[in-house]
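Novice: Have a look at this one before I ask anything.
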Amino acid sequence: MEVGAEGFARRLPRLRRRILRAAFVALDMEFTGLHSTSLQNNEPSLFDSPAERYVKARQSVQRFTLVQLGLAIFSKENSNKYVVHSYNFFLFPSTLGLRDIEFTLSASSIQFLSHYGFDYNKFLKDGIPYMNEVQEKVLRQHLLAGTWTVCSTSNADKDVLKKAIDEVTSWIAAAKEEDTMILQDLNGYHVLEVQLILRQALENVWTEPLGDKKVMVKKVSPEHRQLLENSSYDHCQKKLILLSARGFTNLFQILVKAKKPLVGHNMFMDLMHLHDKFYRPLPESYDEFKRNIHNLFPVIIDTKTVAKSVQKKCLFPRVSSLLEVYAVLCSSNLNPKGPPCPVIALASGCSRYAEKKSPHEAGYDAFLCGSVLLMSAHLLLCRSTDDAVEADPSFSQYLTVLAEHVNKVNFIRGGVSSINFSGEDVPSRHPPALIVHVRGWPGLTERQIYQEFKARCRFDVRRLSKNQFILLSNQYRQLVLRDYKHHPHLQVSVYRHWRHSPSVNCLLQISGIVALWSLLAFALGGNSSC
């Protein structure tokens with residue numbers, strides 16, 4: 001089900017009921033970009049610790065925004081069956097307030113989503129607004145002071161508003177009290193802004209939104225207008241304006257209060273955007289970020305981490321993408337003796353996903369995440385005991401067998417395999433490194449070293465000293481050692497910390513000097529005594 005700004009408010013109560021009844025909720029996001037190339041040394045690297053990666057990712061998250069958020073709500077029925085309500089929410093930053101929001105577009109990300117059929121018109125024209133706590137506090141202050149505005153500065157916005165105001169001023173001169181007219185084709189905040197402008201300019205009009213991009217305008221007496229303004233039916237009350245401006249943040253807060261297990265796939269960036277866009281701006285401290293996320297969502301499960309475990313414990317092909325993992329779990333008979341997996345049934349409004357694959361559509365990927373979780377958990381449960389597994393396992397049984405993976409979020413290309421959101425991360429461990437000694441090639445940079453070796457393998461490069469570089473990769477080290485055995489300028493060997501580390505070399509040099517002076521002192525002292 002696709003949801004934009006037009007129908008979001010009326011669906012919110014039903015969404016709340018479904019979330020509260022759910023066993024768990026799966027989520028996926030699409031962004032305007034992932035890693036900013038305009039920032040130096042911002043690419044993920046095998047050298048990164050989790051804290052270093054967070055610093056890099058934080059800068060990118062602050063530059064890019066969400067275009068679509070997928071939510072799949074999995075509800076357990078009486079039998080061995082889960083019903084899924086899957087939603088695509090198109091999102092667009094709130095334009096209600098004094099400060100306009102700026103964000104960056106990555107050409108490759110936009111092209112990628114376009115290839116998979118993403119509708120940018122829905123994102124731009126019907127995106128649900130959102131804001132974090134800091135932005136909400138500023139808007140609330142301006143609402144109380146009466147100094148707020150809508151950031152509609154484009155000529156297109158001004159033309160829409162001018163057309164609506166001209167229609168009303170032409171109509172009202174000949175209209176009688178209680179006469180009405182309808183303004184049409186008003187998008188997003190136009191519905192709100194045109195009402196506020198008309199009410200401010202004309203004391204004898206009343207306005208009401210009708211839905212479907214329409215606003216009703218009625219001619220009333222000033223006395224009747226005052227009564228209407230003080231009623232609970234006024235859609236332009238400050239609290240309702242704030243509710244409208246918060247948009248998707250209202251649903252985010254429902255998710256936080258419900259404390260349902262939150263499921264994703266490679267969800268580190270998803271969690272960072274959740275924090276930054278709907279909760280608070282990302283803190284500088286990596287540990288503070290982890291604490292905040294754990295307080296918001298005490299149970300997080302990353303299906304990438306779970307899938308790695310299934311691949312190790314079961315005869316499971318090595319596949320990487322979420323769709324590939326889902327396809328293998330659906331097609332393979334990995335559990336011939338145990339009871340069948342739960343039935344996963346899409347609700348009637350979401351049946352399109354049962355008929356057609358829609359990769360990189362957020363609602364579809366969220367559905368895949370939740371399905372992979374259930375099938376993987378069932379498989380692990382059956383493999384965890386020699387006793388017969390009951391035909392209808394509860395979701396709490398699945399959580400028990402998944403305990404080692406709870407709050408462990410996959411860490412891509414780094415010094416650890418996962419980030420622990422409920423405790424300390426394990427110490428970083430890098431793959432065996434290579435060291436490059438440069439001879440007769442002055443001024444060589446990390447970028448040039450990367451370009452030299454990238455044809456053979458994706459290496460991450462870090463300068464060790466003026467003429468030495470460290471290379472890290474998960475594969476093909478022996479090939480590089482062989483090919484560069486007789487290179488005229490680059491000598492490649494296996495990195496040995498005790499031999500190549502500048503700090504160890506410095507310590508050895510100091511120790512040598514101290515030992516030499518001690519020997520000299522001993523020798524001179526011996527001569528004196530003679």
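A short reminder: the numbers here are calculations on the coordinates, not readings from a lab. What you see is a predicted model, and the numbers here were worked out from it, not measured in a lab. Every residue, glycine as well, gets a Cβ built from its backbone with ideal geometry; the counts of neighbours run over all protein chains shown.
Novice: Reachable lysines from residue 158, Cα under 17 Å, same-chain residues fewer than 8 places away excluded?
Specialist: 125, 213
Novice: Aspartates and glutamates near residue 312 by alpha-carbon distance under 15 Å, same-chain residues fewer than 8 away left out - which ones?
Specialist: Straight-distance partners of residue 312: 404.
Novice: Need one number: nm distance between label points at residue 179 and residue 134, each 7 Å from Cα along Cα→Cβ, rounded to one decimal.
Specialist: 5.1
Novice: Right, something else. Mean residue ellipticity at 222 nm from the helices of the chain, using -39,500 (n - 2.57) per DSSP H segment of n ≥ 4 over the full residue count, to the nearest 500 deg cm²/dmol? Mind dumping the intermediate values first?
Specialist: Details: 21 runs with 236 residues, N = 530.
Using -39500 (n - 2.57) per qualifying helix, the result is -13500 deg cm²/dmol.
Novice: Quote to one decimal, in nm, the extra length available between residue 343 and residue 242 on full extension: 0.36 nm per residue of separation minus the C-alpha distance between them.
Specialist: 32.2 nm
Novice: Which one, 93, 487, 343, is farthest towards the positive end of the dipole of the chain when Lys and Arg carry +1 and Asp and Glu -1 on their Cβ?
Specialist: Going by the charge dipole, the pick is 487.
Novice: Could you tell me the convex hull volume per residue, in Å³, taken over the Cα atoms of the chain? Let's see the in-between values first.
Specialist: Numbers: hull volume 125.7 nm³, N = 530.
Dividing the Cα hull volume of the chain by its residue count gives 237 Å³.
Novice: OK, next. Would you mind putting 103-109, 125-131 in packing order, based on average other-beta-carbon counts within 10 Å, highest first?
Specialist: In decreasing order of mean packing, 103-109, 125-131 become 125-131, 103-109.
Novice: Still on this structure, please answer the following. Rank-order 216-226, 277-287 by packing density, defined as the average count of other C-beta atoms within 10 Å over each peptide's residues, highest first.
Specialist: In decreasing order of mean packing, 216-226, 277-287 become 277-287, 216-226.
Novice: Around residue 347, with a cut-off of 13 angstrom between Cβ atoms, what is the net charge of the other residues, counting Lys and Arg +1 and Asp and Glu -1? Provide the component values of the computation, followed by the final result.
Specialist: Details: positive: 14, 18, 21, 81, 352; negative: 77.
Result for the local shell: +4.
Novice: If you don't mind, there's one more thing I want to ask. Excluding residue 122 itself, calculate the net charge of residues whose Cβ lies under 15 Å from the Cβ of residue 122, where each Lys or Arg counts +1 and each Asp or Glu counts -1.
Specialist: Residues close to residue 122 contribute a combined charge of -4.
Novice: Here is a further query. If amide H atoms are built 1.01 Å from N in the plane of the peptide, which residues on other chains or at least 5 residues away come under 5 Å of the amide H of residue 91?
Specialist: Here 68, 69, 128 satisfy the definition.
Novice: Taking the square root of 5 times each eigenvalue of the Cα gyration tensor, what semi-axes in Å does the equivalent ellipsoid of segment 150-240 have, largest first? Don't skip to the end; give the middle numbers.
Specialist: Numbers: eigenvalues 84, 52, 25 Å².
For segment 150-240, the ellipsoid semi-axes come out as 21, 16, 11 Å.
Novice: Measure nothing but the geometry: give the 0 to 90° angle between the long axis through the Cα atoms of 190-201 and the longest principal axis through the Cα atoms of the chain, rounded to 10°.
Specialist: Here the helix axis deviates by roughly 50 degrees.
Novice: Hey, another quick one. Going by alpha carbons, how many degrees (0 to 90, nearest 10) lie between the helix axis of 249-258 and the longest principal axis of the chain?
Specialist: 70
Novice: If you count, for each residue, the other Cβ atoms within 10 Å and average over each peptide, how do 320-327, 452-459 line up from highest to lowest?
Specialist: Averaged packing, sorted descending, gives the order 320-327, 452-459.
Novice: Still on this structure, please answer the following. I'd like the Karplus ³J(HN,Hα) series for segment 320-326: coefficients 6.51, -1.76, 1.60, θ = phi - 60°, whole numbers in Hz, and an x wherever there's a Gly or Pro.
Specialist: 10, 6, 4, 5, 5, 4, 4
Novice: Rg and Dmax of segment 277-342, Cα atoms, in Å?
Specialist: 17.3, 51
Novice: For every other residue with a beta carbon closer than 12 angstrom to the beta carbon of residue 369, add +1 if it is Lys or Arg and -1 if Asp or Glu, then tell me the sum.
Specialist: With Lys, Arg at +1 and Asp, Glu at -1, the neighbours total -3.
Novice: Something else: List the lysines whose Cα sits under 21 Å from the Cα of residue 257, skipping any in the same chain fewer than 8 residues away.
Specialist: 76, 137, 239, 277, 290
Novice: Moving on to the next point. Equivalent-ellipsoid semi-axes (√(5λ), Cα gyration tensor) for segment 106-149, whole Å, largest first?
Specialist: On the way: eigenvalues 230, 26, 12 Å².
Those come to 34, 11, 8 Å.
Novice: For segment 20-85, which GluC sites (Glu not before Pro) pass both filters: DSSP loop (anything but H, G, I, E, B) and at most 16 other C-beta atoms within 10 Å?
Specialist: 77
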